Amino acid sequence: MKSRITTGGGLVYSTDAGRMCPACRRPIAQCICKQAKAAVPSDGIVRVSRETKGRGGKAVTVVKGLTLDEAALVKLGQQLKAACGSGGTVKDGVIEVQGDHCERVIGMLKEQGHTVKRAGG
């Protein structure tokens, strides 16, 4: 979808949203609205599950439902990855740790005072 936008400065031509924020129309690195985004709404329960879907059959431990800001979420993700001795990522309010480490992750989150449930099978 091609569009031409000439009002408000910033974006002049785009074939899609690309690397521009659709809300404030600034480059993602200079986005002013991402600071205003609140933490992901949650019921207060952290859910830990094991997923393989879309990962070539490789198991990944997924942690959802944390009501932390982005910086705290990244720090917790680093702690979980270090404790499990594996890699992973933090994106869209979800922590992914490579491998099946559900029990270890649940234990660590309970030690930190979170209410944790095992989701899935």
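Numbers at a glance
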read-out: Scope region 89-108; condition under 17 Å from Glu51 (Cβ atoms), touching a residue at least 12 places away in the same chain (Cβ under 8 Å) and not in a loop (DSSP other than H, G, I, E, B); matching residues; value: Thr89, Val90, Val94, Ile95, Glu96, Val97, Gln98, Gly99, Cys102, Arg104, Val105, Ile106
read-out: Single residue of region 85-105 satisfying the filter (of a type in the set (A, V, I, L, M, F, W, C) and crowded, with 19+ Cβ neighbours inside 10 Å) that is nearest to Ala59 (Cα to Cα); value: Val97
read-out: Filter pass, Gln78 being within 26 Å of Gly56 (Cα to Cα) and in contact with a Ser or Thr (Cβ under 7 Å, 6 or more places away or on another chain); value: no
read-out: The listed residue being in contact with a Cys (Cβ under 8 Å, 6 or more places away or on another chain) and either among the aliphatic types (A, V, I, L, M) or modelled with pLDDT of 90 or more (or both), out of Gly88, Gly99; value: Gly99
read-out: Selected residue (criterion: nearest to Asp100 (Cα to Cα)) from residues of region 56-86 that are in a helix (DSSP H, G or I) and of a type in the set (D, E, K, R); value: Lys81
read-out: Selection within region 84-93 - in contact with a helix residue (DSSP H, G or I) (Cβ under 9 Å, 6 or more places away or on another chain) and either under 23 Å from Gly44 (Cβ atoms) or not assigned by TED's automatic domain parsing to the domain that holds Gly65 (or both); value: Val90, Gly93
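The values are calculated or read from the model by the stated rules, or taken from the named source; none is laboratory data. Just so it is clear, the model here is predicted, and its values are computed rather than measured. When we count neighbours, we look across all protein chains shown, and the Cβ atoms used for this are built from the backbone with ideal geometry, even at glycine.
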